[in-house]
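Visitor: Pasting in a structure now, in structure tokens, and then I'll have a few things to ask.
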Amino acid sequence: MWDYTDKVMDHFHNPRNVGKIDNPDGVGHVGSLACGDALTLMFKLDAEGRIADAKFQTFGCASAIASSSALTEMVKGKTVTEAEKVTNQQIADFLGGLPEQKMHCSVMGREALEAAIHNYRTGEEGVVSLHDDHDRVVCQCFGVSESEILRVTRENGLTSVEQVTNYCKAGGACGKCRDDIELLVKRVIEERRPTASAAAKPLTNLQKIRLVQEVIDREVRPLLQRDGGDLELVDVDGDRVVIAFRGLCAGCASASVTRHEVVQAKLREFVASTLVVVEEDKP
Ligand code: FES
């Protein structure tokens with residue numbers, strides 16, 4: 001049994017906005033029954049160009065239903081431009097988090113919304129490919145392309161093939177594509193490293209503080225927030241980085257492990273190998 005939040009269970013047992021809209025302005029279909037998950041999302045705009053109604057039909061597990069339900073609630077009242085900025089992490093956050101193995105449900109929701117917006121803008125119908133003709137299908141079992149894998153890896157700070165499987169299913173069946181996925185993950189990890197010329201120059205204190213904050217926001221906080229935790233950067237003094245855990249991380253028995261194995265490890269990987277992370281003194 002998955003460890004779902006109360007909000008996931010609520011949206012699963014009482015899904016909002018299930019069904020169809022007559023004459024929708026945009027319709028998107030993603031997934032397939034053969035792959036175990038399929039989602040159709042549609043929306044209708046009001047006179048001001050805001051999403052007045054959004055509905056969905058899905059075939060999938062509890063988290064697929066909850067993610068779709070959450071997404072329809074999230075986009076109502078938004079313009080199309082605002083709605084297209086919704087990320088899969090925001091869908092998961094709206095639900096109080098999803099088990100990592102179920103993050104692909106939030107990705108499917110985001111892709112269905114993009115397909116519906118694409119349909120609204122271009123009139124193209126059916127299962128819409130959001131990628132250009134040169135995009136290579138890496139995972140034949142789930143029909144996942146190179147650009148989809150790169151995108152999900154970049155947007156969610158992923159670092160392993162297993163995580164990619166959790167987020168978009170690629171690699172989760174016969175496994176023939178796993179070597180290819182590993183190369184793509186390595187490519188994204190390389191992109192995240194400071195360039196050689198940037199690394200050669202010592203950082204000013206202001207640059208170091210900015211980079212530490214950027215790495216915390218990109219690499220660390222999304223991981224903690226998935227489990228209801230968070231952290232705040234308190235100070236950077238030379239190589240000493242002072243942090244404060246928030247949410248469920250505050251007072252957690254594993255906080256010192258998280259500080260050392262996650263926060264310090266990421267900052268050493270992306271900022272400087274000499275950094276030491278400590279927690280702020282508690283009053
Ligand atoms: S080709 Fe990707 S799991 Fe089979």
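No lab work stands behind these numbers, since they all come straight from the coordinates. In this text the structure is predicted, and so the values were computed from the model without any measurement. A quick note on method: Cβ atoms are made from the backbone with ideal geometry, for glycine too, and the neighbour counts reach across all protein chains shown.
Visitor: If we keep just the residues of the range 22-53 that are of a type in the set (S, T, N, Q) and touching a residue at least 40 places away in the same chain (Cβ under 8 Å), which is nearest to His104 (Cα to Cα)? Explain how you work it out, then say what you get.
Guide: Within the range 22-53, the first condition is being of a type in the set (S, T, N, Q), and the residues that meet it are 23, 32, 40.
Now narrow it down to the ones that are touching a residue at least 40 places away in the same chain (Cβ under 8 Å): 32, 40.
Working: Ser32: 14, Thr40: 15 Å.
Only one residue fits best here, namely Ser32.
Visitor: Moving on to the next point. In the range 62-91, how many residues are over 16 Å from Phe43 (Cβ atoms) and either in contact with a Lys or Arg (Cβ under 7 Å, 6 or more places away or on another chain) or among the acidic types (Asp, Glu) (or both)?
Guide: Matching residues across the range 62-91 total 3.
Visitor: Just one of (1) in contact (Cβ under 8 Å) with a residue 12 or more places away in the chain; (2) within 16 Å of the ligand (Cβ to nearest atom) trips up Asn156, so point out which.
Guide: Status for Asn156: all satisfied but (2).
Visitor: Search the range 134-153 for residues being within 12 Å of the ligand (Cβ to nearest atom) and β-branched (Val, Ile, Thr), and hand back the single one that is nearest to the chain's Cα centre (by Cα).
Guide: For the range 134-153, the residue satisfying everything is Ile149.
Visitor: Tell me which residues, restricted to the range 261-283, are within 14 Å of Ile209 (Cα to Cα) and assigned to a strand (DSSP E or B).
Guide: Val276, Val277
Visitor: I'm told Lys44 meets every condition in (1) touching an Asp or Glu at 6+ places or on another chain (Cβ under 6 Å); (2) under 22 Å from Met103 (Cα atoms); (3) charged (D, E, K, R) except one. Can you identify the failing condition by its number?
Guide: The one condition Lys44 does not meet is (2).
Visitor: For Met9, all conditions in the list (1) among the hydrophobic types (A, V, I, L, M, F, W, C); (2) touching a Lys or Arg at 6+ places or on another chain (Cβ under 9 Å); (3) surrounded by fewer than 19 Cβ atoms within 10 Å (Cβ to Cβ) hold save one; what is the number of the exception?
Guide: So Met9 meets the others, but not (2).
Visitor: How many residues, within the range 269-283, are closer than 23 Å to Leu203 by Cα, exposed (fewer than 15 other Cβ atoms within 10 Å of the Cβ) and out of contact with any strand residue (DSSP E or B) (no Cβ under 8 Å at 6 or more places or on another chain)?
Guide: 2
Visitor: If I go through the range 141-166 residue by residue, how many of them are crowded, with 18+ Cβ neighbours inside 10 Å, out of contact with any Lys or Arg (no Cβ under 6 Å at 6 or more places or on another chain) and either farther than 23 Å from Phe270 by Cα or acidic (Asp, Glu) (or both)?
Guide: Within the range 141-166, residues that are crowded, with 18+ Cβ neighbours inside 10 Å, out of contact with any Lys or Arg (no Cβ under 6 Å at 6 or more places or on another chain) and either farther than 23 Å from Phe270 by Cα or acidic (Asp, Glu) (or both) number 5.
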